[in-house]
Amino acid sequence: MKHARVACFGAVHDAVEKDGKIELLDGRIVSEDEVVWLPPIEPRTTFVLALNYSDHAGELAFKAPEEPLVFLKGPNTFIGHNAQTRRPADVTYMHYECELAVIIGKKAKNVKREDACDYVKGYTIANDYALRDYLENYYRPNLRVKNRDTCTPLGPWFVDAADIKDPMNLKLRTYVNGELKQEGTTKDMIFDVPYLIEYLSSFMTLDENDIILTGTPKGTVDVVPGDEVITEVEGLGQLKNTIVGDEVFSIKSSPEKSAAK
């Protein structure tokens, strides 16, 4: 089953997909153009993998890691389907990253690889934008690269784990203004989903609605204001968003600055 969170009729609703439309949990049926899409869950701790596809590491002239390179992402970064992502005016290189996102379904500690999939609630699509100007290096991604507001679209749906036969054999694609720019498959991950759950749970407790962003294959290119970016994962659908510039955002003076004038 496909699950979503949407805003409509003055409230936030959990919903499911029904015959190509959205069914709110109170039974009302709405179309996609009647709602504002939100991330399909409210993320807790989000773990992000760097250089988890060997072709992407090679594309960046980096050696593939021997153990997972993991960093954390704050909840401020997440936005829903059809939303806008801000590209700051001072940035010279900003690129998308189409990723399979794994949603943890229950508390997990010291999980063995063979049992790892029992702890997965479902899967969704993430687009983990990177502002490369601020990158220290790919072995130590910093906050200014990966924790910008609006820079992680997530959704539209999350799909129950039981409905994804093999998460390690899904095609990933990214389209920019309708043109295919990135294509890969989850089978090319260096560290697969069961390994990552075993690895993370070996030294910390994972909780329901924690998310693991599993990395991106090669094919990332610069995007600019006005670009429409669609990231796609087989079996999960398409996640669309638009790049906008600073002029879209209203930056007002603080009360203290206004009083000082």
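Some notes on this structure:
- When a 1.4 Å probe is rolled over the protein heavy atoms, the share of accessible surface on the chain that falls to carbon and sulfur comes to 49 percent.
- For the chain, the fraction of alpha-carbon pairs lying more than 33 Å apart is 19 percent, rounded to a whole number.
- Accessible surface for the chain, divided over its residues, is 47 Å² per residue with a 1.4 Å probe.
- Spin-label model distance (nm) - Ala7 vs Glu42, 7 Å beyond Cα toward Cβ: 1.4 nm
- Estimated 222 nm signal from helices in the chain, with DSSP H stretches of n ≥ 4 weighted -39500 (n - 2.57), rounded to 500: -2000 deg cm²/dmol
- Note on the chain: antiparallel DSSP beta bridges, both residues inside, total approximately 90 percent of the bridges counted.
- Förster-model FRET efficiency, 22 Å R0, Asn169 and Ser31, C-beta, rounded to 0.05: 0.10
- The packing ranking, built from the mean of other Cβ atoms within 10 Å per residue, places the peptides 33-41, 162-170 in the order 33-41, 162-170, highest first.
- The listed peptides 193-201, 99-107, ordered by packing as a protection proxy, come out as 99-107, 193-201 (highest mean of other Cβ atoms within 10 Å first).
- Calculated FRET efficiency, Glu17 to Leu135, Cβ-Cβ distance, R0 = 51 Å: about 0.85 to the nearest 0.05.
- With a threshold of 31 Å on the Cα-Cα distance, the over-threshold entries among Lys2/Lys146; Lys18/Lys146; Lys2/Lys73; Lys107/Lys218; Lys21/Lys112 are Lys18/Lys146; Lys107/Lys218; Lys21/Lys112.
The values are calculated or read from the model by the stated rules, or taken from the named source; none is laboratory data. None of these values were measured; they are calculated from a predicted model. As a convention, Cβ positions derive from the backbone with ideal geometry for all residues, glycine included, and neighbour counts pool all protein chains shown. Side chains are part of the model used for accessible areas, which takes the heavy atoms of the whole protein and leaves out ligands, DNA and RNA. Shrake-Rupley method; radii C 1.70, N 1.55, O 1.52, S 1.80 Å.
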